[in-house]
Amino acid sequence: MQDKILVMIPAYNEYLNLPQVISELQEKCPGYDYVIVNDGSTDSTRKLCNSRHYNVLDLPVNLGLAGAVRAGMKYANYYGYDYAVQIDGDGQHCPEYIAEMIARMKETGSDIVIGSRFKTQKKPFTMRMLGSHMISGALWLTTGGKRISDVTSGMRLFSKKMIRRFDYGMNYRPEPDTLAYLLNHGVKIEEVQVSMRERISGRSYLGFFSSIGYMVHVLFNIFVVQWFREG
């Protein structure tokens, strides 16, 4: 029986990027289903999805990435998908790598496969990557030496077991601290080398100061909060 694969696309104000994202996905992965999770966008994302008859899950308010991904996981679980793939709505992620990620999951029996920019390529030591270096180090320290090279990658594949776990686990967020928690509770995570592009249009919600705040928040969660989580 053929695997049911869902591509989840969290989108907040991405109407300029979504046409290319969907067109490329349909061209390169014609056998996959997709759902755009419109996270309370204030631009024309909703109108675009309706006018082009895209498959969309329309959230009435902005829940942030964690809420959008949880909504996508609930959708995937409800419709019985075997795999759910998270890609960004800004065009950074190349869908042709999804098949390789699924093959890696089947080969290794892993629960999550991350599309990594740094699995086989060295991570540059720049100011932009300083936070990623620090978060990777924190994860390594708190998981007994388990290493994830691209902790902030938004391209992730989840098994059916993880779809259910993210659906029912109220505290699960698509963030590095959740990866640390899952590694410490027996979840197997693998990486596949991928290439990523700059976003097609628009600006990332993470600026300089918000990036620093994000890094501090994640590090605190990895070193402190994960030990008190209940799933």
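Below, the figures for the structure above:
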{"quantity": "Residues being at pLDDT 95 or above and part of a loop (DSSP other than H, G, I, E, B) - total across the stretch 145-159", "calculated": "1"}
{"quantity": "Single condition LEU141 does not satisfy, out of (1) at pLDDT 90 or above; (2) in a loop (DSSP other than H, G, I, E, B); (3) farther than 25 Å from GLU100 by Cα", "calculated": "(2)"}
{"quantity": "Helices (runs of 4 or more DSSP H) lying entirely in the stretch 41-122 (those with 3 or more residues that are out of contact with any strand residue (DSSP E or B) (no Cβ under 6 Å at 6 or more places or on another chain) and closer than 26 Å to VAL187 by Cβ)", "calculated": "64-78, 98-108"}
{"quantity": "Where a residue in the stretch 107-124 is farther than 14 Å from SER149 by Cβ and at pLDDT 95 or above and its partner, wherever it lies, is surrounded by 14 or more Cβ atoms within 10 Å (Cβ to Cβ) and of a type in the set (Asp, Glu), with Cβ under 7 Å and at least six apart", "calculated": "THR108/GLU190; SER110/GLU190"}
{"quantity": "Pick from the stretch 181-199, criterion surrounded by 17 or more Cβ atoms within 10 Å (Cβ to Cβ) and not acidic (Asp, Glu), ranking: nearest to TYR15 (Cα to Cα)", "calculated": "MET196"}
{"quantity": "Enumeration of residues in the stretch 1-24 that are surrounded by fewer than 20 Cβ atoms within 10 Å (Cβ to Cβ) and either touching a residue at least 40 places away in the same chain (Cβ under 8 Å) or of a type in the set (Phe, Trp, Tyr) (or both)", "calculated": "ASP3, LYS4, TYR15, LEU16, GLN20, GLU24"}
{"quantity": "Pair list, Cβ < 6 Å and 6+ apart or interchain, from the stretch 61-75 residues that are in contact (Cβ under 8 Å) with a residue 40 or more places away in the chain to residues that are in a loop (DSSP other than H, G, I, E, B)", "calculated": "ASN62/GLY40; ALA66/ARG173; VAL69/PRO174"}
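The values are calculated or read from the model by the stated rules, or taken from the named source; none is laboratory data. Here the structure is a predicted model, which is why all the values come from computation and not from measurement. A quick note on method: Cβ atoms are made from the backbone with ideal geometry, for glycine too, and the neighbour counts reach across all protein chains shown.
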